[in-house]
Amino acid sequence: MKIPTEQFRVKPKDEVELKKRPTSVPPFYDSKEQYQELLTEQIERLSALQALLYANNSWSILLIFQAMDAAGKDSMIKHVLSGINPQGCEVYSFKHPSTEELDHDFLWRSIRRLPERGRIGIFNRSYYEEALIVRVHPEILAAENLPDELSSRKSIWRDRFRSMNDLEAHLTRNGTRIIKFFLHISKEEQRKRFLERIDNPEKNWKFNQDDIEERKLWKRYMRAYEGCLRATSSKEAPWYVVPADDKKNARLIVAQVVVNLLEELKMDYPETSGEKQRELLAIREELMKS
């Protein structure tokens, strides 16, 4: 079964209104058992394609995950990419910037973590935080110590979107394919997951008062996300707004998008030259005798 993913893709210059985009769609599975079968199939396909990506050593893949709290970014990465060889995959979670990171431009810390050729890089949050949380919390922008004439410009967010688009265009031209996922959770579903974190002692560590304070700013975050998705979804580096109220469904959608991307690259294993084949045959003959 191949899940139709185009319905979740944000086309360039789309007018994005998140309240009109679903946080839940009919499931692509009929039972828990079928979900597990479908996910296992996708994981096995991903594993094979990742091995090919690693051997081909020409392309690199960057997957970016953004979402409100409790939307399932961590579990998404854990479940969908569970079958990938750790040698060919790096996951980075971007927290509040350090003093050193604040002393550089806002893209610096992300650029340092970009994947090498043949590898998949996963950003759990990313440089897009600079037009999301920073936009909602102006005090963070003040802490970046930009010159006043730059930080006070009315075009600062448009300028940042331009920097992000320019970076992604540059990476695309140099063999890095980029897919960006916004896990779209409803406020009601977030409330349920917060309550579960409070009620389940094993999940208490995932919750603190800051989560509630951020929840109070929901509308401001939605406006920030809409502006971001509208300004930075391109043909080469698209955003996918993934309905995330059903975690299982969301995982199947994301896995299908990643499989589609890797299949589009039409990679082959490196060809073995005649000289190399003769060398291997000689080694094989030697091994058979030993």
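Place the peptides 85-92, 279-286, 224-231 in order of packing, highest mean first, counting for every residue the other Cβ atoms within 10 Å and averaging per peptide.
224-231, 85-92, 279-286
Once you order the gyration tensor axes a ≥ b ≥ c over the Cα atoms, which shape class does region 189-290 get: rounded for a/c under 1.5, otherwise prolate or oblate by comparing a/b with b/c?
Prolate is the answer for region 189-290, as a/c is 1.5 or above and a/b outweighs b/c.
How much length, in nm to one decimal, is gained on full extension between Glu33 and Arg9, taken as 0.36 nm per residue of separation minus their Cα-Cα distance?
5.9 nm
What order do you get for 10-21, 128-139, 240-251, 101-112 when each peptide is scored by the mean count of other beta carbon atoms within 10 Å, highest first?
240-251, 128-139, 101-112, 10-21
Where a ≥ b ≥ c are the square roots of the eigenvalues of the C-alpha gyration tensor, would you call region 145-186 rounded, which needs a/c under 1.5, or, failing that, prolate if a/b is larger than b/c, or oblate?
Oblate, since a/c reaches 1.5 and b/c is not below a/b.
With point charges of +1 on the Cβ of Lys and Arg and -1 on the Cβ of Asp and Glu, referenced to the Cα centre of region 97-137, which listed residue (Ile120, Trp108, Val136) lies farthest in the positive direction of the dipole?
Sorting the options by dipole projection puts first Ile120.
Determine the share of the chain's accessible area contributed by carbon and sulfur atoms, expressed in whole percent, with a 1.4 angstrom probe.
Ligands and nucleic acids excluded, carbon and sulfur give 49 percent.
If one computes the Cα centroid of region 1-72 and of region 141-195, what distance in Å separates the two points?
20 Å
Once you place label points 7 Å from the Cα toward the Cβ at Leu141 and Glu236, how far apart are they in nm?
Taking the two extended label points, one gets 2.8 nm.
Would you calculate, for the chain, the mean residue ellipticity at 222 nm contributed by helices, counting each DSSP H stretch of 4 or more residues as -39,500 (n - 2.57) and dividing by all residues, to the nearest 500?
-15000 deg cm²/dmol
If one takes the longest principal axis of the Cα atoms in the chain, at what angle in degrees, from 0 to 90 and to the nearest 10, does the Cα axis of helix 274-289 lie?
The angle comes out at about 70 degrees.
Calculate, for the chain, the solvent-accessible area per residue in square angstrom, rolling a 1.4 angstrom probe over the heavy atoms of the protein chains.
56 Å²
State to the nearest 20 debye the size of the charge dipole of region 148-187 about its Cα centre, where the only charges are +1 on K and R beta carbons and -1 on D and E beta carbons.
For region 148-187, the charge dipole is close to 240 debye.
Once Rh is set to the Kirkwood radius over Cα pairs, what Stokes-Einstein translational diffusion coefficient, in µm²/s, holds for the chain at a temperature of 4 °C and a viscosity of 1.567 mPa s?
Calculated translational D: 62 µm²/s.
Quick one: compute the contact order of the chain, relative version, from alpha carbon pairs under 8 angstrom and 6+ residues apart, as a percent.
Answer for the chain is 34 percent.
Arg158 label point, 7 Å along Cα→Cβ, cut-off 15 Å on backbone N: hits in region 232-256?
What the label zone holds, given the 15 Å backbone N cut-off, is 232.
How would you order 34-42, 253-261 from highest to lowest mean count of nearby Cβ atoms within 10 Å?
Going from most to least packed, we get 253-261, 34-42.
Under unit Cβ charges (Lys, Arg +1; Asp, Glu -1), what dipole magnitude, rounded to 20 debye, does region 160-290 have relative to its Cα centre?
I would put it at about 640 debye.
Where in region 35-79 is the amide nitrogen less than 16 Å from a point lying 7 Å along the Cα-to-Cβ axis of Asn174?
58-62
Output needed: percent of Cα pairs per 5 Å distance bin for region 17-71, bins running from 0 to the one holding the longest distance.
4, 12, 12, 16, 19, 18, 13, 6, 0
The values are calculated or read from the model by the stated rules, or taken from the named source; none is laboratory data. This one's a predicted model, so the numbers in the text were calculated from it and none came from an experiment. Neighbour counts run over all protein chains shown; Cβ positions are idealised from the backbone, glycine included. Quick note on the areas: whole protein, heavy atoms, side chains included, nothing else; ligands and nucleic acids left out. Shrake-Rupley method; radii C 1.70, N 1.55, O 1.52, S 1.80 Å.
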